[in-house]
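Notes to accompany the following structure.
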Amino acid sequence: MAEDSVAGVILAVLIPVFFVLLFTFGPYLLSAAVGTFHQRGLQKRLEIRKQVTLSSFSTDPIHSLSRPINVNHPIQGSGLVMANLSISPSWWQMFVVSIHSLFGGNITTLDSVIRWGREEVIQRLREEAQKQGWDEVINVRLETAMIRKSSNASNRKDRGAAMEYLIYGTGIRQSPTEVRLSSD
Amino acid sequence: MTVVPQGQLMLSNTETIPGFTITQTLGLVTGSTVRAKNVFKDIGAGFKSVVGGELRAYTELLQEARNEALNRMMQDALSRNANGVVNVRFATSSVAGGAAELFAYGTAVVVQ
């Protein structure tokens with residue numbers, strides 16, 4: 001009789017505590033597990049796409065110089081090429097960052113998603129250039145904008161931060177025949 | 001949104017339009033647009049940010065808005081009888097409460 005009531009009291013305390021913990025940390029743990037898996041998959045697929053695109057060009061077609069690498073081929077056409085991407089870190093990553101920001105220092109948690117975002121947007125420009133038929137994209141510029149403010153841990157309503165990458169450059173089409181210009 | 005037909009204006013973010021020479025400079029042309037995010041798409045983006053990665057709703061929204069800004073810039077250039085815009089740049093700034101301003105600017109030129 002007495003044992004039953006003790007067990008009942010313990011259960012009555014433990015079950016709510018369990019649910020409170022589940023709803024407080026559960027989403028973060030879920031985010032940690034699923035997010036890591038998801039982001040690894042994104043990175044893997046990106047590497048494959050990158051190899052496919054690069055193998056169709058002789059060299060990496062995009063660069064930030066203001067003139068084409070090979071100046072001896074006359075230019076036949078040009079146009080603006082753009083690509084953009086919005087990314088967000090996972091809740092788990094934001095949570096770890098908010099802990100990190102207490103002590104300062106290097107935040108390695110965000111490295112993977114940030115690096116993926118940059119490489120992905122660069123790859124999108126390559127694909128866009130390929131789709132529009134440009135041989136080379138010159139004067140490439142990369143811009144980053146915060147489109148959603150980063151959360152602070154106490155504000156539960158806004159756990160996600162989002163940033164946008166914009167990449168643009170001038171696509172050029174060159175004639176395959178080489179014309180030697182008088183060097184000056 | 002009236003779309004500027006392709007081929008009427010040449011755009012470039014370099015100092016010149018490759019393969020052409022600039023004969024006349026017509027000054028700075030600008031185009032801007034302010035977009036607010038859609039509540040429903042925002043909820044979707046909120047769910048997506050549990051796992052991180054791309055927020056496709058935002059990517060599309062910003063792409064659309066940026067094209068609109070670029071288009072307004074091109075119309076500004078056309079109204080000055082330009083046939084090209086060089087040194088095109090973009091700027092993004094977030095205005096109050098989830099709205100973003102997308103801005104495109106460049107120098108209108110006549111090229112030959």
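The values are calculated or read from the model by the stated rules, or taken from the named source; none is laboratory data. Not measured: the values here are computed from a predicted model. Cβ atoms come from the backbone with ideal geometry, glycine included; neighbour counts cover every protein chain shown.
Key figures for this structure:
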{"read-out": "Pairs where the first residue, in segment A:22-42, is loosely packed, with under 13 Cβ neighbours inside 10 Å and the second is assigned to a helix (DSSP H, G or I) and of a type in the set (Ser, Thr, Tyr), C-beta under 9 Å, 6+ apart", "value": "A:Arg40/A:Ser112"}
{"read-out": "A:Arg156 outside any helix (DSSP H, G or I) and either modelled with pLDDT under 90 or under 30 Å from A:Thr24 (Cα atoms) (or both)", "value": "yes"}
{"read-out": "Single condition B:Ser32 does not satisfy, out of (1) surrounded by fewer than 18 Cβ atoms within 10 Å (Cβ to Cβ); (2) assigned to a helix (DSSP H, G or I); (3) at pLDDT 90 or above; (4) away from chain A (no Cβ under 11 Å)", "value": "(2)"}
{"read-out": "So B:Thr25, is it surrounded by 15 or more Cβ atoms within 10 Å (Cβ to Cβ) and of a type in the set (Val, Ile, Thr)", "value": "no"}
{"read-out": "Filter result for A:Gly104 (on the phi > 0 side of the Ramachandran plot and not hydrophobic (A, V, I, L, M, F, W, C))", "value": "yes"}
{"read-out": "Residues being buried (at least 17 other Cβ atoms within 10 Å of the Cβ) and facing another protein chain (nearest Cβ under 8 Å) - total across segment B:92-112", "value": "2"}
{"read-out": "Residues located in segment A:23-43, provided they are away from chain B (no Cβ under 11 Å) and within 13 Å of the chain's Cα centre (by Cα)", "value": "none"}
{"read-out": "Output for segment B:43-59, where each listed residue is facing chain A (nearest Cβ under 9 Å), in a helix (DSSP H, G or I) and of a type outside the set (Gly, Ala, Ser)", "value": "B:Lys48, B:Arg56, B:Tyr58, B:Thr59"}
{"read-out": "Of the criteria (1) assigned to a helix (DSSP H, G or I); (2) at pLDDT 85 or above; (3) in contact with a Ser or Thr (Cβ under 9 Å, 6 or more places away or on another chain), which one A:Glu119 fails", "value": "(3)"}
{"read-out": "Odd one out for B:Ser93, checked against (1) over 27 Å from A:Val137 (Cβ atoms); (2) touching an Asp or Glu at 6+ places or on another chain (Cβ under 6 Å)", "value": "(1)"}
{"read-out": "Residue in segment B:75-91 that is closer than 28 Å to B:Leu26 by Cβ, free of Cβ contacts under 8 Å to residues at least 40 places away in the same chain and within 9 Å of chain A (Cβ to nearest Cβ) present", "value": "yes"}
